[in-house]
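Reviewing the structure listed below.
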């Protein structure tokens, strides 16, 4: 598709990039915690486990980013890739960076300790599944054809 083409009324590759959705979701989790906490589900000292979970999420994003750099291809969604990266964490999920973002949101929720923020990771997955991944998959299929289709048929979208 070219820049002016549309899919279901939406321009291909338009809208906020995934890190923007990540930050918005973290903000929403914090707002839910302070304005609609429902109940505390994680005891006070255990909330700090969230920091370790956030670090794990950052690492899950960083390793694929290094793989993209090594393959000399773009990490930016909606830009043409020069290589199909299917090694490292990409052997287990087609979207390890989005998995890392979900882990970061869950870590934030653990740190906040209340129940209501735990709806946010589900919201993030829904947004990414509808707004980002389908566009990326169409682009990769157009660019890499059967190689991408084979990969898509053998590796799950998430985990």
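The numbers here are math on the coordinates, done by the rules we state, and not lab data. Nothing here was measured: the structure is a model prediction, and the numbers come from that model. Ideal geometry is used to build each Cβ from the backbone, glycine not excepted, and the neighbour counts take in all protein chains shown.
Brief remarks on what is shown
- Mean sequence separation of contacting Cα pairs (under 8 Å, at least six apart), scaled by the length of the chain, corresponds to a relative contact order of 33 percent.
- Note on Rg and Dmax of the Cα atoms in Å: of the candidates (i) 27.7, 98; (ii) 17.2, 52; (iii) 18.2, 53, the value calculated from this structure sits at (ii).
- When the Gaussian network model of the chain links Cα atoms closer than 10 Å, the mean-square fluctuations of 69, 81, 116 top out at 69.
- For the residues 42, 104, 61, a GNM of the chain with alpha-carbon springs under 10 Å puts the largest fluctuation on 42.
- The calculated FRET efficiency for residue 34 paired with residue 157, based on their beta-carbon distance and R0 = 30 Å, is about 0.35.
- On Cα atoms only, tilt of 120-131 relative to the major axis of the chain in degrees: 20
- C-alpha center-to-center spacing [the range 142-159, the range 46-111] in angstrom: 18
- The C-alpha atoms of the chain define a longest principal axis, and helix 18-35 lies at about 20 degrees to it.
- Extension reserve of the residue 76-residue 41 stretch, reckoned as 0.36 nm per residue once the Cα distance is removed: 8.9 nm
- To the nearest ten degrees, helix 49-70 and the longest principal axis of the Cα atoms of the chain are 10 degrees apart.
- Given R0 = 22 Å, the distance between the Cβ atoms of residue 56 and residue 23 translates into a calculated FRET efficiency of 0.75.
- Packing, as the average of other Cβ atoms within 10 Å across residues, places the peptides 85-96, 142-153 in the order 85-96, 142-153, highest first.
- Once the chain from residue 143 to residue 87 is taken as fully extended at 0.36 nm per residue, the excess over their C-alpha distance is 18.3 nm.
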